[in-house]
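Here, each number is a calculation from the coordinates, and none is a lab measurement. All of these numbers come straight from a predicted model, not from anything done at the bench. Here the Cβ is made from the backbone with ideal geometry for all residues, glycine too, and neighbour counts use every protein chain on show.
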Amino acid sequence: MTEKSLTDSYISEITENFRTVRGNIDAAGGNGKVTLLAATKTLSADIINYAIDNLGLEYIGENRVQELISKYDSLHRENLHIHFIGRLQKNKVKYIIDKVEMIESLDSYELAEVINRCAAKICRVMDVLVEVNIGSEQSKGGVPAQEAKEFINSLSGLENIRVRGLMVIPPISTSEEYEVWFTKSHKLFSDIFGEPGSDNGALLSMGMSESYIEAVKCGSTLVRVGSALFGKRDYPAFPEKPE
Ligand SMILES: *Cc1c(COP(=O)(O)O)cnc(C)c1O
């Protein structure tokens, strides 16, 4: 697969894709309640900026530190919310701590301590989501579902991080199985944070290109969509090795 470039035909393709994905989110009951975050790995800053300037894109997720750093200065960032969504190595936190609004992939106490320390250094509080390995897959990051609550409690002494909710990446599934994983995730989330979208502002990040409709039906408040917006790209399937 070749790298995407901003040709007229690509522009009409992604324009249509944004309309379709938003329509599907609304039709699944997510109207006004669900944040559409574009997973922008492998895309040039030009393409991302086009979507920001013309297609109303406000949230992006990057999952590689190096790639985020190399695009960062070129992005139109005035109204842009940047999340880190990939596996994160402790020694790379310092490169993104001042660049992202949220880290969605917190899954160990050691990583939390490093984020806390780096955030304290620049006098900010970093919003994080706790990644839960809902399918108990060995190949994936994330804390086990049955440990999520205790893990979150263990973070309460870290003053420079704020746990905002959960992020899940379920096993690749059929549509019906996705609903089972997402229902389970939603229940776990409600047990810890209360209903999604309620006053506490807690976030439940679940749903990707193959599963965002099911995720929205099951109470997702943030979907992370890549290929359904920008077309298929040449990136490795999950699991990825940690950045
Ligand atoms: C790439 C990526 C996505 C989006 O994947 P698509 O299948 O292209 O929609 C979502 N979440 C994470 C963590 C990703 O790395």
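In this structure, the amide hydrogen of GLY226, modeled 1.01 Å from its nitrogen in the peptide plane, lies closer than 5 angstrom to those of ALA39, SER209, counting only residues at least 5 positions away or on a different chain.
For region 158-220, the convex hull drawn through the C-alpha positions has a volume of 89 cubic angstrom per residue. Relative to the compact-globule estimate of 2.2 N^0.38 Å, the Cα radius of gyration of the chain comes out at 0.96. Database remark: amide H of ASN133 closer than 5 angstrom to the amide H of VAL143, ALA145 (H placed geometrically; neighbours at sequence offset of 5 or more, or on other chains; Pro and chain starts carry no H). Hydrodynamic estimate: the Kirkwood radius of region 102-148 over Cα pairs, inserted into Stokes-Einstein at 25 °C and 0.890 mPa s, corresponds to D of 216 µm²/s.
A cut-off of 5 Å between modelled amide H atoms, ignoring neighbours fewer than 5 places along the same chain, links LEU203 with GLY165, LEU166.
Can you give the Kirkwood hydrodynamic radius for region 1-57, in Å, rounded to one decimal and based on Cα pairs?
Working: mean 1/r = 0.0812 Å⁻¹.
That comes to 12.3 Å for region 1-57.
When peptides 74-87, 3-16 are ranked by their average number of other Cβ atoms within 10 Å per residue, the highest-first order is 74-87, 3-16. The average projected area of region 57-128, computed from the convex hull of its Cα atoms over all directions, is 4.5 nm².
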